[in-house]
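The values are calculated or read from the model by the stated rules, or taken from the named source; none is laboratory data. A quick note: this is a predicted structure, and the numbers were derived from the prediction, not measured. Every residue, glycine among them, receives a Cβ derived from its backbone with ideal geometry; neighbour counts consider all protein chains shown. We work out accessible area using only protein heavy atoms, side chains counted, and drop any ligands, DNA or RNA first. Shrake-Rupley method; radii C 1.70, N 1.55, O 1.52, S 1.80 Å.
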Amino acid sequence: MESFALHSLSTTTTTTTSFSTSLHTRISLLHRSPKPLSITKSSPSIPSLSTIRSSTQKPLPFSAFRTKNKTFSSKFRILALDKKSSDSSLSDSYEKPTPPQKGAKLIPLLISVSIGLIIRFAVPRPIGITPQAWQLLSIFLSTIAGLILSPLPVAAWAFLGLTTLLVTRTLSFTAAFSAFTNDVIWLIVISFFFARGFVKTGLGDRIATYFVKWLGKSTLGLSYGLILSEVLIAPAMPSTTARAGGVFLPIIKSLSLSAGSKPGDSSSTKLGSYLIQSQMQCAGSSSSLFLTAAAQNLLCFKLAEELGVMIPNPWISWLKAASLPALISLLVTPFVLYKLYPPETKDTPDAPAVAAKKLETMGPVSKNEWTMVATMLLAVSLWVFGDAIGIPSVVAAMIGLSILLLLGVLDWDDCLSEKSAWNTLAWFAVLVGMAGQLTNLGVISWMSGCVAKNLQSLSLSWPAAFGVLQASYFFIHYLFAGQVGHVGALYSAFLAMHLAAGVPGTLAALALAYNTNLFGALTHYSSGQSAVYYGAGYMDLPDVFKLGFVMALLNAIIWGVTGTFWWKFLGLY
């Protein structure tokens, strides 16, 4: 993907040329970003982001989130820019890469297996739970532990869990593989192919660049432009990690570097730190706004169906319930961060000109981009109105993918090389299959009944139980690396607890699903997009945790207060 930066004008002296070449090489090695657009001497009239005016004001003295000492955080940087090190030593460090891990990691493997064995053989089986159900629960919990501790890659570990089900004769082959024909899982897989189309055609980059052109005269406006472009892309690009790494991080990095804001040193606070933190914190609300904006949304929807919570016209119902609190959060979050975590550069007057120059370089909208736009409009329209005309969501997605293949926007090699899609198919299907069988064998209802009795003993009304369970589901995410693993481990159980406590089913299912997106910015390991943004090197680790907690509280207030009135108005309770 094209980078959104312009090189500084080259100089004529040998020394300066050598330094520029060296610095560019080191930036390319460390950031692994595409080559920026360059401006030669023949086009001196083109503005450069290096001329972006930087406010002489220092960060606000009351800001509790600016860390003066960068030493602690720098130890955790994936990317660093050390001007004092020589090119030769830098090259040497990359000539001897750490060999990839082969086989399972021993300690995580032992812990994950031990959890299943303890549940199976050391914990007494409750009355009313069959031996088959108890054995399935032990294998499920061992699988979940492995998803968290990662003795093997996620899909590989899920495959081991699936194999264990068959070897122990806990499930038949047909039952174990039943979820591989699940329509929601295939909708997720096809959506990954759509995301690849956005990146391959450059449409996602073009949309974001237009918003920079329209709103990028100030740092705050620049942030709102990037966020609005993500909202526009989100319903047709369901991977938050793909949006972060494939579209928005390259643009933010290029803007920041051109403004003199470099990762890993004091200049990071000029522009990059704020833009990345703002984009990361708003990604949760962007993903919450549409059912198809994140893979975990579709998984939550399917797990809710397994427990009998049927949401009519799901795409519209999801959007209506999320619209008001999500939009308020998207409007408030950049401004609050602007005060708590202020950028040193307040004005970016040249950013629109640079965006216009990039759009000129990209040329007119290509045939493939127009095809991508038309196909996604068709797919989204069918997702919205498909129920009324008898076209399921997955069939609508298949129609869209077929059009892209027929017209050459994507080819089958693109689909085969989309490893994340096939990886998701493998382990989503295993998790959904296990969760469905646990429900069929009565384990989930037994667990929810136990919790319901405890809640009743505390004499909690259903609104109070709703608040306690939602908060527990949210903050327990500190123990999880990633959102989908959290959903697979706890969504069904927590939804069952809500139902047992008397919470209306649709309200409980949607609120848990929205929280699944909102806790994605709690830490640098909470979600794929957070890991991508933190890895850029612009944020200190203490700031990630502090702001993650503060913004979580802010979102709890926004969604709690707004949702209370909005969901009552919509008749969800």
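Each residue, I399 and A156, gets one label point 7 Å from its Cα in the Cβ direction; the gap between the two is 4.1 nm. In a fully extended conformation the segment linking T168 and S472 would gain 106.0 nm over its present Cα-Cα distance, using 0.36 nm per residue. Label K568 and L479 with points 7 Å out from Cα along Cα→Cβ: what is the distance between them in nm? Going by the 7 Å Cα→Cβ label model, 3.4 nm. In this structure, the residue pairs whose Cα-Cα separation is over 27 Å, taken from K217/K339; K358/K546; K270/K358; K102/K262; K262/K358, are K358/K546; K102/K262. Summarising the amide proton neighbourhood of D347: residues at separation of 5 or more, or on other chains, whose placed amide H is nearer than 5 Å comprise S55, T219. Rolled with a 1.4 Å probe across the full set of protein chains, the surface gives R206 an accessible area near 10 Å².
Other residues whose C-beta falls under 14 angstrom from the C-beta of Q279 contribute a net charge of +1, scoring Lys and Arg +1 and Asp and Glu -1.
For the stretch 496-552, the gyration tensor built on C-alpha atoms gives a prolate shape. Its axis ratio a/c (a ≥ b ≥ c) is at least 1.5, and a/b is the larger of a/b and b/c.
Heavy-atom accessible area for T269, with the other protein chains in place and a 1.4 Å probe, reaches approximately 10 Å². Largest to smallest in accessible area, the residues D413, D347 fall in the order D413, D347 (1.4 Å probe, all protein chains included). Length gained on full extension, N440 to V123: 111.9 nm, using 0.36 nm per residue less the C-alpha separation.
Label the stretch 396-489 by shape, choosing from rounded, prolate and oblate, from the square roots a ≥ b ≥ c of the eigenvalues of the Cα gyration tensor; if a/c is under 1.5 it is rounded, and otherwise prolate applies when a/b is larger than b/c, oblate when it is not. Here the stretch 396-489 falls in the prolate category. Any idea what the relative contact order of the stretch 342-430 is, in percent, if you count C-alpha pairs under 8 Å spaced at least 6 apart? Computed value for the stretch 342-430: 21 percent relative contact order. A cut-off under 13 angstrom between Cβ atoms defines the neighbours of V113, and their net charge, with Lys, Arg +1 and Asp, Glu -1, is +2. Taking all protein chains together and a 1.4 Å probe, the residues F466, F569 rank F569, F466 from largest to smallest accessible area. By the scheme Lys and Arg +1, Asp and Glu -1, what is the net charge of all other residues having a beta-carbon under 12 Å from that of V212? Spelling it out: positives minus negatives among the neighbours equals +3. Measuring with a 1.4 angstrom probe and ignoring ligands and nucleic acids, L147 comes out at about 20 Å² accessible. Shown is the FRET efficiency for Y210 and L553, computed with R0 = 45 Å from the Cβ-Cβ distance and rounded to the nearest 0.05: 0.85.
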